[in-house]
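Colleague: Have a look at this one.
The values are calculated or read from the model by the stated rules, or taken from the named source; none is laboratory data. From a predicted model like this one, the values you see are computed outputs, not experimental measurements. Backbone-built Cβ (ideal geometry, glycine too); neighbour counts: all protein chains shown. The area values use the complete protein model at the heavy-atom level, side chains included, leaving out ligands, DNA and RNA. Shrake-Rupley method; radii C 1.70, N 1.55, O 1.52, S 1.80 Å.
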Amino acid sequence: MPKLGVNIDHVATLRQARRGTMPDLLAAAYLCEAAGADSIVAHLREDRRHIQDRDIEVLNKKLKTRLNLEMSIAPEIVNIACKIKPYQATFVPERRKELTTEGGLNVLANSKKIAAALGKLNQAGIRVSLFIDPDCKQIAASRYAGARIVELHTGRYANAKNYKQRKIFLNEIRAAVSYALTQGLKVFAGHGLDYSNVKLIAKIKGIEELNIGYSIICRALDIGLPNAVRQMRGLLR
Ligand code: PXP
């Protein structure tokens, strides 16, 4: 069964709607952990639209599991990560105008910059995962840049318009997992996964961890956060 990382960015989105203190991010993280989350994921965006610097400090100190900090390779953010030292960082591409992380990193085109940031974090004792599309060239480039872990972007599979497309994108992910394993990489996956599409991804042998946010936080409005996490874990099993 893959591990479950719960992304709590959208708990912070709600809090930032009023710039207040509700809902309490740490309390939400504790509920996720108690319900079986293996790690907590939070993205410190350059525009600070949801997670704030202080959130990262608090989560890193107080979590009972592990913090997976999603981040760009902007020098300011790299410095913050090196100071706070989360258990893991996941490098993601970041564009100001996007609603969410729309695609994987282009490691092929930016390998030097990515390798430099990765080296800095590794030196600070932080393990690093690269969020990439399920594409063999990007996997090979990730390994070349020094990555030991890749997280495959499942967005195209999740947003497929019909059964035929979904099958094509699922096979693309399966092939990417197999290739990454031959390269000696650990493989995680995530983005756009929900209660109806997660099972086929969870079944793929070799995926160690799934990182899921939006669908869990949405379902929490109906059945509460602990039940939403438990239900997702049930599907992974
Ligand atoms: N993994 C990564 C690297 C992401 O950037 C995100 C979105 O923040 C997720 C997983 C979770 O995606 P979603 O919120 O669509 O479940």
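Colleague: Give the lysines whose C-alpha is closer than 28 Å to that of residue 61, dropping any in the same chain fewer than 8 places away, or say none.
Modeller: Result set, ordered by chain and number: 3, 83, 85, 120, 186.
Colleague: Along the charge dipole of the chain, Cβ charges K/R +1 and D/E -1, which of 181, 212, 157 sits furthest on the positive end?
Modeller: It is 181.
Colleague: Let's test this: bin the Cα-Cα distances of the chain at 5 Å from zero up to the farthest pair and state each bin's percent.
Modeller: Answer for the chain: a P(r) of 1, 7, 15, 19, 21, 18, 12, 6, 1, 0 percent.
Colleague: Let me ask another. Using only the alpha carbons of region 188-237, what is the convex hull's orientation-averaged projected area in square nanometres?
Modeller: Seen from a random direction, the Cα hull of region 188-237 projects 3.1 nm² on average.
Colleague: With +1 on each Lys and Arg Cβ and -1 on each Asp and Glu Cβ, how big is the dipole of region 50-188 about its Cα centre, in debye rounded to the nearest 20?
Modeller: 280 debye
Colleague: Let me ask you something else. Given the C-alpha centroids of region 42-77 and region 100-135, what is the distance between them in whole angstrom?
Modeller: 16 Å
Colleague: To continue, here is another question. Where does the chain land at 222 nm, in deg cm²/dmol rounded to the nearest 500, when only DSSP H runs of n ≥ 4 count, each adding -39500 (n - 2.57), divided by all residues?
Modeller: Computed mean residue ellipticity for the chain: -14000 deg cm²/dmol.
Colleague: Ok, one more. What number results when the radius of gyration of region 1-142, computed over Cα atoms, is divided by 2.2 N^0.38 Å?
Modeller: Compactness ratio reported: 1.04.
Colleague: Further, regarding this structure: Using only the Cα atoms of region 99-161, each taken as one equal point scatterer with no solvent, compute I(q) by the Debye sum, divide by I(0), and report log10 of the ratio at q = 0.12, 0.18, 0.22, 0.23 Å⁻¹.
Modeller: Scattering profile of region 99-161, log10 relative to I(0): -0.30, -0.63, -0.86, -0.92.
Colleague: What three numbers, in Å, describe the spread of the alpha carbons of region 143-237 along their principal axes, ordered from the longest?
Modeller: If we take the Cα atoms of region 143-237, the spans are 44, 30, 22 Å.
Colleague: Calculate the dipole size of the chain relative to its Cα centre from +1 charges on Lys and Arg beta carbons and -1 charges on Asp and Glu beta carbons; express the result in debye to the nearest 20.
Modeller: Dipole about the Cα centre, nearest 20: 320 debye.
Colleague: Which whole-number value in Å² is the accessible area per residue of the chain, probe 1.4 Å?
Modeller: It amounts to 49 Å² per residue over the chain.
Colleague: Another question about this same structure. What residue among 166, 96, 148 shows peak mean-square fluctuation when the chain is described by a Gaussian network model with Cα springs under 10 Å?
Modeller: Maximum fluctuation in the GNM of the chain, among the listed residues, is at 96.
Colleague: Carbon and sulfur: what percent of the chain's accessible surface (1.4 Å probe)?
Modeller: C and S atoms contribute 53 percent here.
Colleague: For residue 161, give me every one of the lysines with a C-alpha distance below 27 angstrom, ignoring sequence neighbours fewer than eight places off in its own chain.
Modeller: Once the sequence-local lysines are set aside, what remains near residue 161 is 97, 137, 199, 203, 205.
Colleague: Relative contact order for the chain: what is it in percent, counting Cα pairs under 8 Å that are at least 6 residues apart?
Modeller: 20 percent
Colleague: For region 68-201, what does the convex hull of the Cα positions come to per residue, in cubic angstrom?
Modeller: Once divided by residue count, the hull of region 68-201 is 112 Å³.
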